[in-house]
Amino acid sequence: MNAPEYVSGHGLLAGRTAVITAAAGAGIGGATARRFLEEGARVLISDAHARRLKESEEALAAEFGADRVASLPCDVTDEEQVQALFALAERTHGGLDVVVNNAGLGGTANLVDMTDDQWSRVLDVTLNGTFRCTRAAMRSMRAAGTGRGVIVNNSSVVGWRAQTGQAHYAAAKAGVMALTRCAALEAAEFGVRINAVAPSLAMHPHLVKVTSEELLAELTSREAFSRYAEPWEVANVIVFLASGYSSYMTGETVSVSSQHA
């Protein structure tokens, strides 16, 4: 089954400001930045890869206007860099309305052979990084006192479903789901909503480089549509969760998947 036609913008995020992590390149973060701009938002994008980030900023600014796009390199395992990112959002846009925590790190290793460093690195980027950025966003949104704000975390279906060689990644993504639920209850007190998406298989060039053809074929065979998701299809669900169309949703994780049960 072929991918559907690209969905045009409808102004769902007009006037909103957003911070999006791991937004350089052609993956979900980059697709989300583009979709947010198409929906009328201003974006501050970040990534640990400074060169790719600058290239992404320049390309988006040329298309959507330099006044709507800014960037700052950020390693989400470094609290000082996280603080600098959110401080820039407040200086540049006077605050923020939406934060998309997309930064994550995968890898394949059977648990019996996994090192402490392999485990810790995946957990630090994927779970602890989401914690650091969620905490910073909640503090900023609470201080703003507007009674609104949205955080969307990127989890994965492997937080629910077992897959060999993915114990560290699955544990981290399940942690993101639990973090989302607990933080959402606390954030509701000051009007902030926190939800997550859980994609199954969204294809982009980086994933192709680090995944074998055999594994990609196996994962694709599990999808009811017999294809992988385009990154923009996941980004569309993130747009929904960031918009007023999901105003009564918080603490939820939305599966973006066509996997067979």
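Only the coordinates and a few stated rules stand behind these numbers; no lab work does. Everything quoted here is computed from the prediction, not taken from an experiment. Cβ placement follows ideal geometry from the backbone for every residue including glycine, while neighbour counts extend to all protein chains displayed.
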Subject >> Glu252 long-range amide H proximity, modeled H, under 5 Å >> reply: Ala196
**OP:** Starting from the Cα of Tyr248, step 7 Å along the direction of its Cβ; do the same at Thr77; then give the gap between the two resulting points in nm.
**Re:** 4.3 nm
Subject >> ³J(HN,Hα), Karplus 6.51/-1.76/1.60, whole Hz, each residue of the stretch 11-19, x for Gly, Pro >> reply: x, 5, 10, 4, x, 8, 10, 9, 10
Subject >> Calculated percent of Cα pairs over 25 Å apart (choose from [x] 40; [y] 58; [z] 48), label >> reply: [x]
Subject >> Cleavage-rule hits (trypsin sites (Lys or Arg not before Pro)) in the stretch 14-61: DSSP loop, at most 10 neighbouring Cβ within 10 angstrom >> reply: none
**OP:** Can you give me the span-like helices of the chain, meaning DSSP H runs with 24 Å or more of Cα extent along the axis and Kyte-Doolittle mean at or above 1.0?
**Re:** none
Original post:
How far apart, in nm, are two points set 7 Å out from the Cα along the Cα-to-Cβ line at Ala61 and at Met114?
Top reply: 4.0 nm
**OP:** May I ask you to derive the FRET efficiency for Ser258 and Glu213 from their Cβ-Cβ distance with R0 = 30 Å, giving the value to the nearest 0.05?
**Re:** 0.90
Subject >> Spin-label pair Cys182/Ala84, simplified geometry with 7 Å Cα→Cβ offset, distance in nm >> reply: 2.9 nm
Original post:
From the Cα gyration tensor of the stretch 1-131, with a ≥ b ≥ c the square roots of its eigenvalues, which class applies: rounded if a/c is under 1.5, or else prolate if a/b is larger than b/c, or else oblate?
Top reply: oblate
Original post:
Over the chain, what is the mean sequence separation of C-alpha contacts under 8 Å (at least six apart), divided by residue count, expressed as relative contact order in percent?
Top reply: 20 percent
Original post:
How much length is gained if the chain between Arg91 and Glu5 is pulled fully straight, taking 0.36 nm per residue apart and subtracting their Cα-Cα distance, in nm to one decimal?
Top reply: 27.2 nm
Subject >> Separation between Cα centres of the stretch 22-69 and the stretch 93-163, rounded to whole Å >> reply: 19 Å
Original post:
Can you give the extra length, in nm with one decimal, that the chain gains between Arg161 and Arg52 once fully stretched, where that is 0.36 nm per residue apart less the Cα-Cα distance?
Top reply: 36.0 nm
